[in-house]
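Asker: Just passing along the structure, written as structure tokens.
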Amino acid sequence: MPDTRPDTTTRTGPGLFVRFANLVAELAGRPLTFLMAVMLIIAWALTGPAFGFSETWQLIVNTGTTIVTFLMVFVLQNSQNRDGRALQAKLDELILHSQAENRFIGVERLDEKELRRLSELLHREAEAANEVAEQVEDDRKAQSG
């Protein structure tokens, strides 16, 4: 059987945006980053009396958080998309080289109704397999006891 796996040794590496998105996602998920954000909000809140809790004072934090949130959506979505594709490729590889049924390759592209139907089918198959396993165990106990 020919090897259909992608050649990961000749890849040129991720592009500029991917590297940037990886770095931002990594930094954003660190406890220190969260602590710095909390400290920034506390510092902003403490400056409220000095600015008379003005609309401009409120606008500063609203604008800043809106911009950061807006940009982070795209960075995090990029990371999530790549992680999902990589995970799916790994699962497909496991399915192809195991005794699992190849019909499950590509199921992530099914619509919700088809996925629900497949999930129910698998649940019924799992229940039937459990019943068979329980029967085998009961038979084994009856034979040995």
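Laboratory data are not the source of any read-out in this text; all were calculated from the coordinates shown. Here the structure is a predicted model, which is why all the values come from computation and not from measurement. Cβ: placed from backbone, ideal geometry, glycine included. Neighbour counts: every protein chain shown.
Asker: Please give me, ordered by residue number, the GluC sites (Glu not before Pro) of region 47-145 that lie in loop per DSSP and have at most 10 other Cβ atoms within 10 Å. Intermediate values should be presented prior to the final figure.
Answerer: Working: sites: E55, E93, E101, E108, E112, E114, E120, E125, E127, E131, E134, E137; in loops: E101.
Taking region 47-145 and a limit of 10 other Cβ atoms within 10 Å, the loop GluC sites (Glu not before Pro) found are E101.
Asker: Using r as the Cβ-Cβ distance of L71 and N102, and R0 as 30 Å, what FRET efficiency do you calculate, to the nearest 0.05? Walk me through the intermediate numbers first.
Answerer: Details: r = 41 Å, r/R0 = 1.36.
E(calc), rounded to 0.05, equals 0.15.
Asker: Just to be sure I understand, if you calculate Cα extents along the principal axes in Å for this structure, which of [x] 85, 41, 20; [y] 52, 40, 23; [z] 84, 48, 33 do you get?
Answerer: Of the labelled values, this structure produces [z].
Asker: If I stretch the segment between V61 and R109 completely, what's the gain in nm (0.36 nm per residue apart, minus their alpha carbon distance), one decimal? Present the calculation step by step, with values, prior to reporting the outcome.
Answerer: Numbers: separation 48, 0.36 × 48 = 17.28 nm, distance 4.05 nm.
Length difference between fully extended and current span is 13.2 nm.
Asker: Given a Förster distance of 30 angstrom, what is the FRET efficiency for A89 paired with E125, based on the Cβ-Cβ distance and rounded to 0.05?
Answerer: Efficiency, rounded to the nearest 0.05: 0.75.
Asker: Ranked by Cβ crowding within 10 angstrom, fewest neighbours first, how are M39, M72 ordered? Intermediate results must be reported in sequence, preceding the final value.
Answerer: Details: M39 10, M72 13.
The fewest-first ordering by Cβ neighbours comes to M39, M72.
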